[in-house]
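The values are calculated or read from the model by the stated rules, or taken from the named source; none is laboratory data. On a predicted model such as this, the values are computed, not experimentally measured, just so you know. Cβ: placed from backbone, ideal geometry, glycine included. Neighbour counts: every protein chain shown. Just so you know, the surface numbers come from the protein's heavy atoms only, side chains and all, with ligands and any DNA or RNA stripped out. Shrake-Rupley method; radii C 1.70, N 1.55, O 1.52, S 1.80 Å.
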Amino acid sequence: MPTETTIALVDDHRLFRSGMVSLIHSFTGYKILFEAGNGEELTRKISPKFKPDIILLDINMPVMDGISTAQWLRKAYPEINIIILSMFEDAEKVLAMVKIGVKGYLLKDAEPHEFEQALKKVTQGEIYYPEFVTRHLVQNFNKHDEQVKLNSREIEFLKLAGTELTYKEIADQMCISARTVDGYRDQLFEKLQIKSRVGLVLYAIKNNMIEL
């Protein structure tokens, strides 16, 4: 007999929760393990021996909201798949969730068949994001690429950052002071939203500035 996928439902609206529970019971192969009214209650109910395969997580809750709860879960139980439930097409929150590693994002007014599809995909190890999320991600990344304009000295610094040279040796090669090199580095960190030299090198490789 195939095992059922266990689900925890975390939402502060009881009426919505009971509707979701009935809906999940109408699907085949899923079982509600427990419910919680917010993230803090979830942290008290969950344990290594009592944990669901999937958590359906409301994004706006009192005490401990969806983002804080998702961040806590990624650290404490990275193996659990999270599907976010939201009333709004909130693009910024979606991006934050994508970065955390959430596996799905569902609007609360989605059709039951969309909800079932999301559960199926996530159970099979895939991700489920509605079309508006994908559209926003594409726009966001395109916009980010358009915004980044590097001058010739920044490009030269980027290429040298991909070598074995120290920052001081890069300064000598570019005939500038070590402080100016630090300035280029910090400028690029800011422009490219990168935090390390490794990140700079990866960016340079991705954009064909350095050949491997």
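Quick look at the values:
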{"read-out": "Rounded D (µm²/s) - the range 1-118, Kirkwood Rh over Cα pairs, Stokes-Einstein at 37 °C, 0.692 mPa s", "value": "230"}
{"read-out": "Percentage relative contact order, the chain, counting C-alpha pairs under 8 Å, at least six apart", "value": "13"}
{"read-out": "Tilt relative to the chain, helix 66-76 - C-alpha long axis, 0 to 90 degrees, to 10", "value": "80"}
{"read-out": "By accessible area with a 1.4 Å probe, ligands and nucleic acids excluded, highest first: order of Ser152, Ser177", "value": "Ser152, Ser177"}
{"read-out": "Quarter of the Cα convex hull surface for the range 57-98, i.e. its orientation-mean projected area (nm²)", "value": "2.9"}
{"read-out": "Unit charges on C-beta of K, R, D, E only; dipole of the range 18-74, Debye", "value": "280"}
{"read-out": "Distant-in-sequence amide H partners of Tyr128 (H built 1.01 Å from N, under 5 Å)", "value": "Gly104, Tyr105"}
{"read-out": "Heavy-atom accessible area per residue - the chain, 1.4 Å, Å²", "value": "58"}
{"read-out": "At 0.890 mPa s and 25 °C, Stokes diffusion of the chain via Kirkwood alpha-carbon radius, µm² per second", "value": "123"}
{"read-out": "Residues whose placed amide H lies under 5 Å from that of Ile210, excluding near-sequence neighbours", "value": "Ile205"}
{"read-out": "Protein accessible area in the chain, 1.4 Å probe - carbon and sulfur %", "value": "53"}
